[in-house]
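Throughout, read-outs are computed from the coordinates displayed, never taken from laboratory work. The structure displayed is predicted, hence computed values, not measured ones. Cβ coordinates were reconstructed from backbone atoms using ideal geometry, including for glycine residues, and neighbour counts include every protein chain displayed.
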Amino acid sequence: MSADRFHTIVTTVENKPGVLARVAGLFSRRGFNIESLAVAPTDDDKFSRITFTVDVESAPLEQVVKQLNKLINVVEIRELAPSDAVSRELMLITVSADAGHRKELMEIIEDWRAFVLADNSDQIMLSFSARTARLDEFEECLRPFGIAEIQRTGRVALPSLD
Amino acid sequence: MSDNQQISGGEALVKSLEHEGVDVIFGYPGGAILPVYDPIIDSSIRHILVRHEQGAGHMAEGYAHATGEPGVAMVTSGPGATNIVTPLADAFLDSVPMVCITGQVPYAAIGTDAFQECDTTGITMAVTKHNFLVTEAQDIPRIIHEAFHIATTGRPGPVLVDIPKDIVDPTNARSAMNWYTATDADMELPGYHPVAEGDRELIRQAAEMIRDAERPVLYVGGGILKARAADALRELAEMVQIPVVTTLMARGAFPDSHELNLGMPGMHGNYSAVTSMQKSDLLISLGARFDDRVTGKLDGFAPDAKIIHVDIDPAELDKVRRANVGIQGDCRLVIEGIITAMRELGGTEVQADRSVWRSTVSGWQEKFPLTYEQSAPGEKLKPQYVIEQLRDGNPSDTIVASGVGQHQMYTSQWWEFDHPYTWINSGGLGTMGFSIPAAIGAKAGMPDRRVWAVDGDGCFQMTAQELVTASVENIPIKVALLNNSYLGMVRQWQEMFYEERYSEVYLQERVPDYIKWAEAMGCAAIRVEAPEEVSPAIEKANEINDRPVVVEFVTDARENVFPMVPSGATNSELVVDPTQQHLLEGEQ
Ligand SMILES: Cc1ncc(C[n+]2csc(CCOP(=O)(O)OP(=O)(O)O)c2C)c(N)n1
Ligand SMILES: [Mg+2]
């Protein structure tokens with residue numbers, strides 16, 4: 001899976017009911033695969049931001065953008081190729097942490113600079129934010145300990161500063 | 001009405017429609033839309049009561065096709081709304097400007113599975129250019145103005161406005177609003193900016209490609225009609241002397257009688273139209289979208305052609321076939337730009353020599369004209385013969401609306417379309433039952449013009465009840481019913497591709513009795529079975545103007561539409577009429 005397959009599209013949309021359904025419906029009926037999707041308010045309450053990652057092998061990026069542009073409630077679209085963007089994703093993860101493996105686990109947490117959000121004798125809850133690929137790697141590192149629960153946000157991105 | 005006067009949302013809705021210049025609404029009342037039907041009584045707008053909401057939608061489409069003005073339909077919530085989904089999808093695929101008002105349950109009841117509630121905006125999201133759920137009475141004038149703006153600008157299309165009952169019901173406090181006349185300044189559409197003007201540098205590049213092409217073809221689609229660009233197209237075609245093909249959606253955009261017109265391309269296109277595109281070195285696509293019914297198998301479509309693609313919708317550029325020059329813009333403005341650029345480049349004197357191409361194309365035209373065999377004595381009528389008689393028995397500005405099937409292809413092929421906006425059909429969705437309501441809508445918009453619907457027996461049985469509407473509302477359309485007792489187009493596919501195994505395509509010849517049925521609906525009715533009766537029956541039908549007329553032509557079920565590109569084949573594998581098949585040797 002080459003990293004370049006996934007492009008980030010950042011859209012500014014009108015903050016109206018049903019807008020997310022319009023975007024999601026467009027993707028499904030045109031056969032575009034969404035890899036991840038993040039929705040959040042912006043500093044102007046008239047608008048929201050929908051950021052998604054699309055698999056450009058599922059559809060030409062150009063068509064995705066042009067079709068999105070036809071949605072009346074989509075106000076602005078920015079495409080960010082992996083090379084031009086700084087992107088991050090957030091993960092919350094609860095791992096088993098019994099006494100036997102606790103020391104080893106704490107070392108990994110320190111190495112990866114994850115944050116401990118909660119801790120009881122059996123489990124530790126962590127937050128970790130990084131590029132999507134790093135999240136995948138971190139998840140693999142933790143897997144042997146036993147992952148009880150995991151939630152990821154989908155990536156968000158901004159253009160790089162040159 | 002003066003601004004700031006307090007009225008109800010229902011009155012505001014009707015006032016807003018009047019303000020948009022609406023003169024006809026095709027509609028059907030019901031619980032949720034009831035409050036709007038009260039102010040309709042006092043309105044200057046004519047309301048035409050249909051017999052099924054699908055009819056209202058297709059009438060609005062027919063009206064829009066014929067007049068160029070947006071068609072308006074109004075129906076109730078739930079089943080009223082779901083019944084109009086087909087026309088919305090039809091208008092969406094054929095880019096027909098239309099505004100559909102639907103009633104909705106009261107705002108507070110939305111989401112509770114209330115009586116006749118359905119998620120109308122959710123259901124129609126995929127088949128409208130845009131839709132609105134109005135939540136406040138105060139927004140009605142603005143949203144109606146936005147709806148008409150969106151429906152008619154850029155690439156036209158259907159827009160639906162869903163209106164909860166409480167905000168139009170004068171007995172409900174939520175319906176009180178201060179009237180204002182909405183203008184463009186009131187619109188809140190930050191994400192909608194259609195572009196009409198084409199890029200000048202791209203236009204210059206296109207002009208250079210046209211100058212240098214040796215085997216060019218103008219590939220003209222429905223966008224020419226939407227842009228009202230027929231005159232500009234003719235000026236360009238005559239200036240550069242390039243042959244023109246007009247797609248099913250563009251019949252009439254360029255006169256069939258013009259020597260440069262090769263007719264319709266595509267699955268049932270003329271040999272010379274299909275083949276000239278196949279062999280061309282430059283396709284100048286104007287308001288067309290490389291539909292699969294035109295391109296055949298895409299890999300083998302016009303393999304040597306460079307592409308100039310002009311479309312108001314940028315998403316059409318490079319969607320199907322990559323363009324060498326893709327220009328986003330209004331077809332009329334871009335064609336005018338190309339004409340100017342051609343002149344600046346030195347006019348037609350500097351064009352490539354196309355004498356070989358011209359003679360090749362006219363060779364095809366002579367060798368492979370459209371053809372059919374006349375019926376032998378005692379045989380049933382040939383459908384092509386009926387269309388030829390209709391064509392010859394009517395003035396050239398007659399408006400023709402067709403259903404979907406063999407009769408549609410025969411009409412497109414054999415009628416001579418010499419004027420824009422005389423051909424109305426369902427191209428993209430291929431909706432059986434389109435013709436009768438579309439013809440009624442066209443006649444309502446153009447009462448002084450003669451309007452014929454050409455229908456199949458299968459199609460007729462889907463929407464014939466709208467002839468009751470036509471009788472009662474005094475909209476005297478004429479219907480040519482080509483009764484071959486079959487779902488003919490499906491029968492043709494079963495004959496050609498399923499070893500003549502006919503499955504569920506026989507409809508019966510005498511049941512229903514179309515004459516009795518037509519008469520019961522208030523129409524005059526004539527049955528024609530012999531060739532010599534065809535022309536007199538058409539003449540008689542044309543003399544009856546106090547009610548609709550149905551002429552049933554009993555036609556030969558064995559007849560098939562040729563030429564034909566079998567589905568999945570490339571356009572080079574075009575099958576011509578059996579009598580011409582032997583001429584193909586050496587051509588392909
Ligand atoms: C609503 C709808 N259902 C099914 C079809 C598939 N279909 C296309 S043409 C056709 C037959 C049309 O029969 P008729 O109206 O008798 O026309 P003919 O082909 O015989 O001229 C059918 C069933 C369709 N286009 N539309
Ligand atoms: Mg039939």
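Things worth noting here:
- Trypsin sites (Lys or Arg not before Pro) restricted to the range B:237-297 and DSSP loop, no more than 16 other C-beta within 10 Å: B:Lys297
- Charge tally around A:Ile108: other residues with Cβ under 14 Å, Lys/Arg +1 each, Asp/Glu -1 each, net -2.
- Whole-angstrom Cα spans of chain B along principal axes, big to small: 78, 63, 41
- Contact order relative to length of chain B, as percent, for alpha carbon pairs under 8 angstrom and 6 or more apart: 14
- Sequence-separation-based contact order of the range B:444-530, relative, with Cα cut under 8 Å and 6+ spacing, percent: 29
- Calculated on the alpha-carbon coordinates, the convex hull of the range B:6-186 measures out at 98 cubic angstrom per residue.
- Pair B:Glu519, B:Tyr506: separation of 7 Å Cα→Cβ label points (nm): 2.8
- Taking max minus min of the alpha-carbon positions on each principal axis, the protein assembly as shown gives extents of 100, 71, 58 Å, largest first.
- Expressed per residue, the C-alpha convex hull volume of the range A:86-159 stands at 74 Å³.
- Hydrodynamic radius (Kirkwood) for the range A:3-80, which is based on Cα pairs only, to one decimal in Å: 12.4
- Fraction of the pair-distance distribution of the range B:383-554 above 29 Å, Cα-Cα pairs, percent: 13
- Taking the range A:3-80 and dividing mean pair separation by its residue count, relative contact order in percent (alpha carbons under 8 Å, at least six apart): 47
- Average projection, convex hull of the Cα set of the range A:34-162: 10.3 square nanometres.
- Cβ crowding within 10 Å ranks B:Cys100, B:Cys523, B:Cys459 as B:Cys523, B:Cys459, B:Cys100, fewest other Cβ atoms first.
- Going from the fewest other Cβ atoms within 10 Å to the most, the residues B:Thr398, B:Thr102 appear in the order B:Thr398, B:Thr102.
- Here the gap between A:Leu61 and A:Arg143, fully extended at 0.36 nm per residue and compared with their Cα-Cα distance, gives a gain of 26.1 nm.
- Listed pairs B:Lys226/B:Lys319; B:Lys226/B:Lys380; A:Lys70/B:Lys15; B:Lys443/B:Lys516; B:Lys129/B:Lys382; B:Lys15/B:Lys319 exceeding 31 Å between Cα atoms: B:Lys226/B:Lys380; B:Lys129/B:Lys382; B:Lys15/B:Lys319
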